[in-house]
Structures are given as structure tokens and as C-alpha cells.
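Presented below is the structure to which this report refers.
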Amino acid sequence: MASPFRLLFVCLGNICRSPAAEGVMRSLIEAEELADRVVIRSAGTGGWHAGKLPDQRMRTAAQNRGYDLSSRARQVTENDLIDYDLVLVMDQQNLRDLRAFDRTSQFGSKIRLFCEFCTDHQESEVPDPYYGGEQGFELVLDLLEDGCRGVLAHIRSTLA
């Protein structure tokens with residue numbers, strides 16, 4: 001059996017956007033019975049929340065849509081660029097931070113903005129909902145559901 005497709009979602013602190021993306025994607029992958037063929041993780045460019053559960057507001061919004069967000073925050077490492085097939089970042093700052101790890105420019109094709117996979121939304125970034133109200137968390141989930149469907153199609157094409 002071929003090695004699994006390895007997918008990493010990255011945001012700033014790994015407590016809102018990227019763990020929510022991980023939860024949405026995991027739900028899609030399980031529904032498609034691909035859990036044994038796809039590894040999904042998330043990380044943050046900053047490490048100050050390492051070991052913590054996702055933000056309670058994000059967990060509540062996700063749970064209301066049927067998603068389980070139980071992963072623990074961790075900081076992204078340079079090795080993640082080697083270990084993962086696709087690294088999806090939530091915004092331009094995350095993109096700059098990850099590209100700084102790629103000093104030899106060998107991983108550029110696997111570091112991409114998450115919103116490239118959205119088809120129903122025009123946003124180019126997934127906004128950080130941390131300092132906003134409930135509607136920010138709902139918008140993030142709307143974007144993640146949209147984009148994760150596109151990511152699933154991409155993964156299916158690579159597994160075929």
C-alpha cells in the first residue's frame with residue numbers, strides 16, 4: 001500500500017483556524033472512508049499555545065456543526081516541510097513565515113494558501129477570528145468547509 005497523503009494546516013497560534021480546518025477535513029476524510037490513506041495535522045507559526053486545546057469559542061462553533069476539535073496546539077517546524085505533502089496556510093503572514101523555513105526554495109510548491117481551494121467564497125485569506133465576535137468563527141467555518149471540499153478533490157486526484 002502506498003504511503004498516506006500527509007496534510008498540514010497552519011495558522012498563527014494553532015488554536016482557531018488550523019485546528020478547525022483539521023477537524024473539518026478529518027470529518028470529510030472519514031466520510032469518504034479515506035482515514036487510512038490521509039494523515040491530517042495542524043500547527044501554528046507561534047508556539048505560545050503549545051499543548052492547549054483549540055479556543056473554546058472555535059470548539060463550540062465547530063461542535064454546533066458536528067466537528068470535533070480535540071487536537072492540541074503545536075508549533076510548526078522546519079521538518080514539517082519535509083514530512084508533509086501539502087502545507088496549507090491561512091493567510092499571507094503564515095505564508096511568509098513558512099517560506100522563511102524554506103531557505104533553498106525546494107518546498108514552494110507544497111506551501112499554499114488555503115483559500116486557493118475555495119470555490120464558493122472569494123476571500124484570499126481565512127481571517128483570524130480570535131479578537132472578533134461569534135460571526136468571525138462562523139465565517140471561518142464557512143470558508144473551511146468550502147476549501148476542504150476542494151482539498152479533498154485535490155487529495156483524491158493524487159491518490160488515484
Next item on the list: Please enumerate the residues belonging to region 42-53 that are out of contact with any Phe, Trp or Tyr (no Cβ under 6 Å at 6 or more places or on another chain) and either buried (at least 21 other Cβ atoms within 10 Å of the Cβ) or touching a residue at least 40 places away in the same chain (Cβ under 8 Å) (or both).
Entry: A43, G44, T45
Notebook entry, point to check: When you go through R65, R112, R57, R41 one by one, which is the residue that is within 13 Å of the chain's Cα centre (by Cα), closer than 21 Å to S27 by Cα and basic (K, R)?
Noted result: R41
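Which one of these is touching an Asp or Glu at 6+ places or on another chain (Cβ under 6 Å) and of a type in the set (D, E, K, R): D55, D91, D97?
Details: D55 fails: touching an Asp or Glu at 6+ places or on another chain (Cβ under 6 Å); D97 fails: touching an Asp or Glu at 6+ places or on another chain (Cβ under 6 Å).
That would be D91, the only listed residue that is touching an Asp or Glu at 6+ places or on another chain (Cβ under 6 Å) and of a type in the set (D, E, K, R).
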Next item on the list: Would you point out which residue out of Q92, Q56 is exposed (fewer than 15 other Cβ atoms within 10 Å of the Cβ), under 13 Å from P19 (Cα atoms) and not hydroxyl-bearing (S, T, Y)?
Entry: Q56
Next item on the list: Tell me which residues, restricted to region 78-101, are within 18 Å of R6 (Cα to Cα), of a type outside the set (A, V, I, L, M) and assigned to a loop (DSSP other than H, G, I, E, B).
Entry: Y84, D85
Next item on the list: Note down all Cβ pairs under 9 Å where the first residue falls in region 5-21 and is of a type in the set (F, W, Y), the second is at pLDDT below 95, and they're at least six residues apart or on different chains.
Entry: F5/T158; F5/L159
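The values are calculated or read from the model by the stated rules, or taken from the named source; none is laboratory data. Just so it is clear, the structure is predicted and the values come from calculations on it, not from any experiment. Heads up, the Cβs are rebuilt from the backbone with ideal geometry, glycines too, and the neighbour counts pull from every protein chain shown.
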